[in-house]
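Let me begin by presenting the structure, written as structure tokens, before commenting on it.
The values are calculated or read from the model by the stated rules, or taken from the named source; none is laboratory data. The structure presented is a predicted model; accordingly, all values stated were derived computationally and were not measured. Cβ coordinates were reconstructed from backbone atoms using ideal geometry, including for glycine residues, and neighbour counts include every protein chain displayed. Please note that ligands, DNA and RNA were not included when accessible areas were found on the heavy atoms of the full protein model with its side chains. Shrake-Rupley method; radii C 1.70, N 1.55, O 1.52, S 1.80 Å.
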Amino acid sequence: MKWRPWRALGLAVAAGSAGALALLSAISSGGAAADQGLIRLSWRALGEQARVCRRVAPEELARMPVHMRQKEVCTRHILPYHLRVWIDSVLVLDDTARAGGVREDRPLFVFFELPVASGRHRIEVAFERMTAGALFREGEEDRAHEARETPPALTFHDTIRIARRDIVLITYDDEERRLRRVSGSEAR
């Protein structure tokens with residue numbers, strides 16, 4: 001077997017990559033410190049559909065193919081939610097949850113991790129639908145969606161004891177249609 005320089009180079013690259021991977025795996029991910037715990041907010045929400053319509057200008061209609069000409073064009077989207085979290089009466093999160101997809105017509109996903117010092121804390125969460133435009137309600141499919149959609153306002157209030165390196169999960173329960181806490185062995 002002849003020695004070839006490209007084999008030595010390949011071996012060096014493989015060894016360097018393995019060393020870099022070992023170094024990167026030792027770096028902390030930036031989550032909670034050793035003396036802290038985490039409050040994790042994680043759920044999926046089926047929001048309420050809204051329809052926004054606009055009248056098409058005659059010039060724009062003239063540029064469209066005949067089979068696509070409509071005097072009014074409507075788009076559907078899922079209304080966003082306003083998410084706020086207070087820990088011990090201090091607002092720590094104030095964000096808007098928007099639906100996925102380019103047209104914002106997919107479910108909303110909430111995922112936040114909030115580091116907190118170990119101990120007892122009063123946790124309050126408010127998840128409220130924002131309103132805009134005319135609501136879209138037509139046909140059986142839309143009534144079925146309405147029955148499954150997340151309520152317009154969800155709240156969570158509880159005093160929680162968080163141990164160091166503990167993760168307390170607050171999630172949405174589809175069956176009970178409310179936010180609830182999952183922690184300890186129940187979360188695993």
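Once both labels are positioned 7 Å from their Cα atoms along Cα-to-Cβ, the gap between residue 57 and residue 128 label points is 3.8 nm. What is the Cα radius of gyration of the stretch 61-105 over 2.2 N^0.38 Å, N being its residue count? With N residues counted in the stretch 61-105, Rg over 2.2 N^0.38 Å equals 2.09.
Using a probe of 1.4 angstrom and keeping all protein chains present, the accessible surface of the stretch 1-130 works out to 66 square angstrom per residue. Among 51-57, 152-158, 37-43, sorting by the average number of other beta carbon atoms lying within 10 angstrom of each residue, highest first, gives 37-43, 152-158, 51-57. The packing ranking, built from the mean of other Cβ atoms within 10 Å per residue, places the peptides 105-116, 78-89, 62-73, 9-20 in the order 78-89, 105-116, 9-20, 62-73, highest first.
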